[in-house]
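Report on one structure; see the data block that follows.
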Amino acid sequence: MNINRILTIVLVAASLFLAFRLYRGVQGTIEDREAIQNTENAVIARLKLIREAEIVFQEVNKRYTANWDSLSNFIENGKVPNIQRREEITQVGYGQEIVKVFFDTLGYTPAKERIFKKNFTMNASDNGVFMGYKVKNGDRVIKNQKAYTLKVGDKMQEVPFQEQGVITALASVATGTEVKKGELLVNYWDYAFEPNVDLKKIGEVPGLDGQKFNIFIGKVDKNGVMVQVIEVRDPKPVNPMRKESNEAKGRKPLHFGSKFDVTTSGNWESQ
């Protein structure tokens with residue numbers, strides 16, 4: 001074997017090795033980005049759940065809580081009153097009236113159901129003749145699945161669901177009946193959050209081995225009234241680009257709420 005052939009083999013081997021190193025470097029970067037995105041998605045999902053739980057907790061108790069055990073216990077065992085607002089108007093003179101507002105409690109909903117379940121309605125999409133449902137009560141439906149048929153003029157319209165969920169009620173409308181646009185036809189619901197989440201670990205940051213979110217609860221002066229505020233923040237972002245020093249809100253560590261403003265918006269919603 002002459003020297004040229006040996007050099008050729010060495011150069012080919014070196015080229016293949018460098019190409020492999022380059023491929024692994026690029027592939028590793030892609031995998032790292034995917035891992036960061038997946039972890040951030042899990043963190044955002046947990047922050048959304050905490051936010052909804054805190055909002056309902058505040059609705060019932062007139063305050064937020066910084067105690068994760070209290071929040072977990074509320075989700076598992078708490079009850080949320082179903083309040084109906086009504087008015088009584090009494091005429092007391094020409095052009096004058098007294099309005100009394102009453103709030104009636106019409107039973108209670110378990111806190112977990114209120115937090116985890118999202119209710120949807122489906123109305124008639126247009127004025128027309130109702131030609132029948134394509135689903136039945138109790139069915140689980142998917143987005144864009146056909147819900148009912150409506151005859152508008154000479155055309156038949158099969159109207160799709162805009163969300164997935166489980167049918168809880170179908171309005172009693174006979175085939176051939178005229179319906180008006182906006183008339184309620186379907187009630188259904190779906191989970192807003194993963195129903196099997198371990199609520200005892202609700203305060204833990206996904207991917208941080210038991211480390212918990214930083215939570216702050218305080219009060220700010222709003223036009224002379226002290227109003228409670230809340231902020232829940234990821235203490236150790238998996239994304240090294242997320243820093244508190246970043247000017248853009250969407251590039252700061254993931255969080256919702258504010259120590260200084262009356263808001264529960266999440267900074268991922270501003271990206």
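Just one of the listed residues (VAL159, VAL129, VAL135) is touching a residue at least 24 places away in the same chain (Cβ under 8 Å), touching an Asp or Glu at 6+ places or on another chain (Cβ under 6 Å) and not aromatic (Phe, Trp, Tyr), namely VAL129.
Among the residues of segment 162-202, those that are in contact (Cβ under 8 Å) with a residue 12 or more places away in the chain, farther than 23 Å from MET131 by Cβ, in a loop (DSSP other than H, G, I, E, B) and touching an Asp or Glu at 6+ places or on another chain (Cβ under 9 Å) comprise GLN164, ALA192, PHE193.
Entry remark, segment 180-205: residues being in contact with a helix residue (DSSP H, G or I) (Cβ under 8 Å, 6 or more places away or on another chain), closer than 25 Å to ILE142 by Cα and not small (Gly, Ala, Ser) number 5 in total.
Only one residue in LYS243, LYS222 is out of contact with any strand residue (DSSP E or B) (no Cβ under 9 Å at 6 or more places or on another chain) and without any contact (Cβ under 8 Å) to a residue 24 or more places away in the chain. Which one? Please lay out each step first, then the result.
On the way: LYS222 fails: without any contact (Cβ under 8 Å) to a residue 24 or more places away in the chain.
So the residue among LYS243, LYS222 that is out of contact with any strand residue (DSSP E or B) (no Cβ under 9 Å at 6 or more places or on another chain) and without any contact (Cβ under 8 Å) to a residue 24 or more places away in the chain is LYS243.
Yes or no, residue by residue, for (1) of a type in the set (Val, Ile, Thr); (2) closer than 14 Å to ARG46 by Cβ:
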position	(1), (2)
ALA169	no, no
SER172	no, no
THR175	yes, no
GLY182	no, no
LEU185	no, no
TYR188	no, no
TYR191	no, no
ASP198	no, yes
PRO206	no, yes
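Within segment 37-78, how many residues turn out to be among the acidic types (Asp, Glu), exposed (fewer than 13 other Cβ atoms within 10 Å of the Cβ) and under 26 Å from LYS252 (Cβ atoms)? Explain how you work it out, then say what you get.
At the first step, the residues of segment 37-78 found to be among the acidic types (Asp, Glu) are 40, 52, 54, 59, 69, 76.
Subset that is exposed (fewer than 13 other Cβ atoms within 10 Å of the Cβ): 69, 76.
Within this subset, residues satisfying the condition of being under 26 Å from LYS252 (Cβ atoms) are none.
Residues that pass the stated criteria total 0.
Checking ARG46, ARG140, ARG114, ARG85 one by one, the residue that is in contact (Cβ under 8 Å) with a residue 12 or more places away in the chain, farther than 30 Å from VAL186 by Cβ and not β-branched (Val, Ile, Thr) is ARG46 and no other.
May I ask you to list the residues in segment 50-66 that are assigned to a helix (DSSP H, G or I) and in contact with a Leu (Cβ under 9 Å, 6 or more places away or on another chain)? If the condition is that a residue be assigned to a helix (DSSP H, G or I) and in contact with a Leu (Cβ under 9 Å, 6 or more places away or on another chain), then ILE50, ALA53, GLU54, PHE57 are the ones that fit.
Read-outs: derived from the displayed coordinates by stated rules, not from any lab. Predicted model only: the values in this text are computed from it and were never measured. Quick reminder, even Gly has a Cβ in these numbers, built from the backbone with ideal geometry, and neighbours come from all protein chains shown.
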